[in-house]
């Protein structure tokens, strides 16, 4: 074989190698793209699963905060108001009462206020912000 024939053979082999390399790289790119799509689908599935898992609990907790549940009259704000009313009613006789009772009333009020603020932080819900102002304690 002469030089020209070798050049043609080498050119054909080089073209085949280039095609194989291109197909290999394209295959890798498609596999990467497919894996990425699978990962995104899995994440969407997990997000939906977790949302469905926790929504009933969150809905129940929101119901308790809003109205106290089906068997109660009023939610967290009603409980805060009741504790403050009791504290105000017994305040004139505080010296006669056990300090544990006053401490208990104060701790319950603080707990309910913290619960309310964690579940519905200020600035998130305008309606709750308005009610929060009504139940703001002035020290």
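The values are calculated or read from the model by the stated rules, or taken from the named source; none is laboratory data. In this text the structure is predicted, and so the values were computed from the model without any measurement. Don't worry about glycine lacking a Cβ; one is built from the backbone with ideal geometry, like all the others, and counts go over all protein chains shown.
Please work out if residue 103 is out of contact with any helix residue (DSSP H, G or I) (no Cβ under 6 Å at 6 or more places or on another chain), under 30 Å from residue 133 (Cβ atoms) and surrounded by 10 or more Cβ atoms within 10 Å (Cβ to Cβ).
Numbers: out of contact with any helix residue (DSSP H, G or I) (no Cβ under 6 Å at 6 or more places or on another chain): yes; under 30 Å from residue 133 (Cβ atoms): yes; surrounded by 10 or more Cβ atoms within 10 Å (Cβ to Cβ): yes.
Here the answer is yes, as residue 103 does meet what is asked.
Residue 112 meets each of the listed conditions (1) surrounded by 15 or more Cβ atoms within 10 Å (Cβ to Cβ); (2) at pLDDT 75 or above; (3) under 19 Å from the mean Cα position of the chain (by Cα) apart from (3).
Taking into account only those residues within region 59-90 that are at pLDDT 75 or above and surrounded by fewer than 12 Cβ atoms within 10 Å (Cβ to Cβ), which is farthest from residue 133 (Cα to Cα)? Result: 89.
Residues of region 1-31 that are assigned to a helix (DSSP H, G or I) and loosely packed, with under 10 Cβ neighbours inside 10 Å: 3, 4, 5.
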